[in-house]
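Read the structure below first, then the notes.
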Amino acid sequence: MWYVMKMTVVTREISFQTSGNVDIIDITDKVAEFLRESQPNNGIVTVFVPGSTGAITTIEYEPGLLEDTKNALERMMPQGIEYKHNIRWGDGNGHSHVRASMMGPSLTVPFSNKKLMIGTWQQIVFIDLDVRPRSRRIIVQIMGE
């Protein structure tokens, strides 16, 4: 037996200023607000950052873990070493590009009855990995029935 579902796609944007240098912004409430306002009741939501020095992920958004995340990124991909990107462009953000490529620009989360299906202590965050303040834009695309 075949079922035909009416698929709806809604695209919204979040814009904000960041301070750079691993500025971690909790965007969970805004994504949840978009879900409440949208047509689909069940489906998936994709959160995407256009740009090569930002990342989207989930984290328990609490001060200790925010600091741990910053410290871990510095240990794994330190700012103070040579990056070929810096030699070519002279902008000092080679580590930012490497960090962003390892973390990824998007996250897809299922939702049911207009509620994100995330864990109790799990928030959706944008991480600005660049070396300077930036104007950022996040695309939120909701797909479902």
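The values are calculated or read from the model by the stated rules, or taken from the named source; none is laboratory data. Note that this is a predicted model, so its numbers are computed, not measured. Please note: Cβ atoms are built from the backbone with ideal geometry, for glycine as well, and neighbour counts cover all protein chains shown.
Residues considered: 72, 100, 55. Of these, the only one that is at pLDDT 95 or above, touching a helix residue (DSSP H, G or I) at 6+ places or on another chain (Cβ under 8 Å), small (Gly, Ala, Ser) and more than 24 Å from residue 6 (Cβ to Cβ) is 55.
Applying a threshold of 6 Å to beta carbon distances and a minimum spacing of six or more residues, or different chains, the list of pairs starting in segment 99-112 at a residue that is under 16 Å from residue 9 (Cβ atoms) and ending at one that is exposed (fewer than 14 other Cβ atoms within 10 Å of the Cβ) and among the β-branched types (Val, Ile, Thr) is empty. Taking segment 20-37 as the range and being surrounded by 12 or more Cβ atoms within 10 Å (Cβ to Cβ) and either under 27 Å from residue 102 (Cα atoms) or at pLDDT below 95 (or both) as the test, the residues that pass are 20, 21, 22, 23, 24, 25, 26, 27, 28, 30, 31, 32. Sort out which residues of segment 72-105 are under 15 Å from residue 23 (Cβ atoms) and among the polar types (S, T, N, Q), and write them in order of number. Once the filter is applied, which keeps residues that are under 15 Å from residue 23 (Cβ atoms) and among the polar types (S, T, N, Q), segment 72-105 yields 79, 93, 96.
For segment 91-102, the criterion of being buried (at least 17 other Cβ atoms within 10 Å of the Cβ), farther than 14 Å from residue 128 by Cα and not hydroxyl-bearing (Ser, Thr, Tyr) is satisfied by no residue at all. Of the residues 139, 81, 44, 87, the single one that is surrounded by 15 or more Cβ atoms within 10 Å (Cβ to Cβ) and either out of contact with any strand residue (DSSP E or B) (no Cβ under 8 Å at 6 or more places or on another chain) or among the β-branched types (Val, Ile, Thr) (or both) is 139. Residue count for segment 5-19 satisfying the condition of being closer than 13 Å to residue 143 by Cα and either at pLDDT below 95 or loosely packed, with under 15 Cβ neighbours inside 10 Å (or both): 6.
Of everything listed in (1) of a type outside the set (Ser, Thr, Tyr); (2) out of contact with any Gly (no Cβ under 8 Å at 6 or more places or on another chain); (3) part of a helix (DSSP H, G or I), the single unmet condition for residue 86 is (2). When residue 80 is tested against (1) in a strand (DSSP E or B); (2) without any contact (Cβ under 8 Å) to a residue 60 or more places away in the chain, just one condition goes unmet, and that condition is (1). Filtering segment 87-98 to residues that are closer than 16 Å to residue 70 by Cβ and in contact with a Ser or Thr (Cβ under 8 Å, 6 or more places away or on another chain) leaves 93, 96. From the residues in segment 109-138 that are part of a strand (DSSP E or B) and of a type in the set (S, T, N, Q), which one is nearest to the chain's Cα centre (by Cα)? That would be 123.
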